[in-house]
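The values are calculated or read from the model by the stated rules, or taken from the named source; none is laboratory data. Remember, it's a predicted structure, so these values are computed and weren't measured experimentally. Note that we place each Cβ from the backbone using ideal geometry, even for glycine, and neighbour counts take in every protein chain shown.
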Amino acid sequence: MEKFAYLIKHRFPFLFCGIGALARAITSLRFRRVRRQALAYARMIGTVAESPAELRPLEDVDVGLLTNFIAGMPAEHLQFFHPHGFESREVERVIRSRAFMSYGLFVDGDLRAYGLLKLAPTGSAFIGMLVDPKLQGRGLGRFLVHYLYWQASLAGFRTRSSISEHNVASVRAHKAVADYRVLASLPNDYSMIEFVTRQVQPPVLQN
């Protein structure tokens, strides 16, 4: 079903708007409780680059921070990131929606990475993430994939991702976390993958 939805989104976007709204409504109702339970354990305290760091669910007050964070990303870092629009209104919708689970990594109080689980009515959760280029090389991509995999597993979701074979950093981060299988080949050199369903231990925020 997710492959079919992906194809509609990219080939018939005018149809996907209505279908997507219905899917989000169903997802919000079906998984409201397990989503809330997983988010209750989401906050982490640690260090990044020897500075104090906090990872937590994003809230309404973070809309401006996330909008500016995405706007400040180099274009090449957004090439493979298309889970939602980047305008303030769309960012606010995502943070408020129960069909998403959104997280911010704050280092010294500044938003430096964004993690996302896009939930589907079938019980799948799709990973998305952005990391400040200035913090690349510290394993934060791998950490975020692990963290999102853990959060999805707490809620009982099947953890999936749509990855471009040209996004080498993302492919490497996913492979470093756990075994996965390719569910489908998608247009434009993308693949839909699914992590092995198992109990996942939380990562340690120390990068």
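Brief remarks follow.
- Qualifying positions in region 122-135 - out of contact with any Lys or Arg (no Cβ under 6 Å at 6 or more places or on another chain) and assigned to a strand (DSSP E or B): A125, I127, G128, M129, L130, V131
- Of the listed requirements (1) part of a strand (DSSP E or B); (2) modelled with pLDDT under 95, R138 misses just one: (1).
- Neighbours by Cβ (under 6 Å, 6+ apart or cross-chain): first from region 163-184, exposed (fewer than 13 other Cβ atoms within 10 Å of the Cβ); second assigned to a strand (DSSP E or B): R181/E194; V182/S191; V182/I193
- Subset of region 25-52 (residues that are crowded, with 16+ Cβ neighbours inside 10 Å, touching a Lys or Arg at 6+ places or on another chain (Cβ under 8 Å) and not in a helix (DSSP H, G or I)): F31, A42, M44, V48
- Of all residues in region 151-173, those satisfying the criterion of being outside any loop (DSSP other than H, G, I, E, B) and within 17 Å of Q199 (Cα to Cα) are Q151, A152, S153, L154, R158, T159, R160.
- Number of residues in region 50-96 that are within 25 Å of S162 (Cβ to Cβ), touching a strand residue (DSSP E or B) at 6+ places or on another chain (Cβ under 9 Å) and polar (S, T, N, Q): the value is 1.
- Some residue of region 106-121 being part of a strand (DSSP E or B), among the aromatic types (F, W, Y) and under 15 Å from the mean Cα position of the chain (by Cα): yes
- If you go through region 53-76 and keep only what is surrounded by fewer than 16 Cβ atoms within 10 Å (Cβ to Cβ), under 16 Å from the mean Cα position of the chain (by Cα) and in contact (Cβ under 8 Å) with a residue 40 or more places away in the chain, you end up with just R56.
- In the set (1) hydrophobic (A, V, I, L, M, F, W, C); (2) over 27 Å from G64 (Cα atoms); (3) in contact with a Lys or Arg (Cβ under 8 Å, 6 or more places away or on another chain), F106 fails one condition alone, (2).
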